[in-house]
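All remarks here apply to the structure that follows.
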Amino acid sequence: MTNWDIDTAAEVLLAAEAERRDRGPITDEWPELDLETAYRVQKRLIEKKVAAGEHVIGVKLGLTSRAKQERMGIDSPLTAVLTDGYALAADEPIPLDKLIHPRVEPEIVFVMGKRLAGPGITAATALDAVESVHAGLEVIDSRYIDFKFTLPDVVADNASSSRFVVAGKALSPRDLDLALEACVLSVNGTVVDTATGAAVQGHPAEALALAANALASRGEAIEAGQIVLTGGLTDAVFAHAGDQITAEFSNLGSVVVTAA
């Protein structure tokens, strides 16, 4: 029987990731794992990744769209941490041999020009701190069986973070109406879903403000130069060997990833 604490939970999740082995929710065995404790587990998990040589490069929002919340049975968005170990180059495939059951979702991505520190951040303040906007795809890969978890479970698991790719095309946020920015998600040339930026908290800048204010409550901020994944615009699609998954945006261009 496992004696659960913050270190143990972080080690269990890191081992599941490294060994490509999913498991039941930690809350089944550690019902005392609440949201505050889960964020402490997430922080310890990232500290261990950094100690192993990775570098923190940004922030992501999870479960920000209604589609994701409905599918997961969860009604609260969350924050997680991006490291360079999650980043894919533009032509780099999804490494299926290193993942458990990856899914892919389209994202509107911000690169920060200024430090953004809450509390009291509004969407307008948040957007003013953005240097550029990009198309992106995130590969999520829960360490839990069938992506079934409670909110504390997924927070501890760093919001199912796995891989992501950001398109090279960069636009100023002041040149776009991001709530109306349309996205078409295709798998092997077949359209599987569509959405606009409004799917993410009504506007991606609202998600960015939410992240800054949530991080402030834990004494953290979004730093200049960091990448922010604002949340999946649509439900995520499974990535199978040979699949080519494309997100085509109305102004941000296209981003493509292949599973191999």
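No lab work stands behind these numbers, since they all come straight from the coordinates. Everything numeric in this text was worked out from a predicted model, so none of it was measured. Counting neighbours? That spans all protein chains shown, and the Cβs are built from the backbone with ideal geometry, glycine included.
Run the quick spin-label model on VAL56 and THR8: label points 7 Å from Cα toward the beta carbon, then report their separation in nm to one decimal.
2.6
With a cut-off of 17 Å, note down the residues of segment 198-241 whose backbone N falls inside the zone around a label point 7 Å from the Cα of GLU47 toward its beta carbon.
218-221
Running a GNM on the chain with Cα contacts under 10 Å, which residue among LEU99, LEU210, LEU180 ends up with the highest mean-square fluctuation?
Comparing LEU99, LEU210, LEU180 in the GNM, the peak value goes to LEU180.
Shape of segment 25-122 from its Cα gyration tensor (a ≥ b ≥ c, root eigenvalues): rounded if a/c is under 1.5, otherwise prolate when a/b > b/c, or oblate?
rounded
Taking 7 Å along the Cα-to-C-beta vector as the label spot, tell me the ALA90-VAL191 distance in nanometres, rounded to one decimal.
2.6
Quick one: which residues, 5 or more positions from ARG23 or on another chain, have an amide H under 5 Å from its amide H? H modelled 1.01 Å from N in the peptide plane, none for Pro or chain starts.
Here TYR144, ILE145 satisfy the definition.
Could you pull out the pairs from LYS43/LYS114; LYS43/LYS169; LYS148/LYS169 whose alpha carbons sit more than 27 Å apart here?
Where the Cα-Cα span goes over 27 Å, the pairs concerned are LYS43/LYS169; LYS148/LYS169.
Can you tell me the relative contact order of segment 1-58? Whole percent, Cα pairs under 8 Å, sequence separation 6 or more.
Over segment 1-58, the number comes to 43 percent.
Per the Kirkwood formula on distinct C-alpha pairs, the Rh of segment 6-258 is how many angstrom?
One over the average 1/r among Cα pairs gives 17.9 Å for segment 6-258.
Could you pull out every residue, at least 5 positions away or on a different chain, whose amide H is within less than 5 Å of the one on LYS60? Hs are placed 1.01 Å off N in the peptide plane, and Pro or chain starts have none.
Residues meeting the criterion, in which the H sits 1.01 Å from N, are ALA80, VAL81, LEU82, LEU229.
Taking the alpha-carbon centroid of each part, what is the distance from segment 27-69 to segment 170-201 in angstrom?
Between the Cα centre of segment 27-69 and that of segment 170-201, the gap is 26 Å.
What length, rounded to one decimal in nm, is gained on full extension from ALA179 through to ARG23, with 0.36 nm per residue of separation minus their alpha-carbon distance?
52.5 nm
Sorting check: for 187-195, 165-173, which peptide has the highest mean count of neighbouring beta carbons within 10 Å, and how do the rest follow?
Most protected by this proxy first, the peptides run 165-173, 187-195.
Grab the DSSP H runs of the chain that are 4 residues or longer, score each as -39,500 (n - 2.57), total them, divide by all residues and round the 222 nm result to the nearest 500 deg cm²/dmol.
-7000 deg cm²/dmol
Pop out the ³J(HN,Hα) list for segment 193-206 in order, Karplus 6.51 cos²θ - 1.76 cosθ + 1.60 with θ = phi - 60°, rounded to Hz; leave Gly and Pro as x.
Ordered by residue, 3J(HN,Hα) equals 6, 9, 6, 10, x, 5, 5, 9, 6, x, 6, x, 5, 5 Hz.
Compute the relative contact order of segment 185-232 as a whole-number percentage, counting only Cα pairs closer than 8 Å that sit 6 or more residues apart in sequence.
Answer for segment 185-232 is 28 percent.
Below 8 Å, C-alpha to C-alpha, sequence gap of six or more: please give me the relative contact order for segment 6-258 in percent.
Normalised by residue count, the contact order of segment 6-258 is 29 percent.
Among the DSSP beta bridges whose two residues both lie in the chain, what percent are antiparallel, rounded to the nearest 5?
The antiparallel fraction comes to roughly 90 percent.
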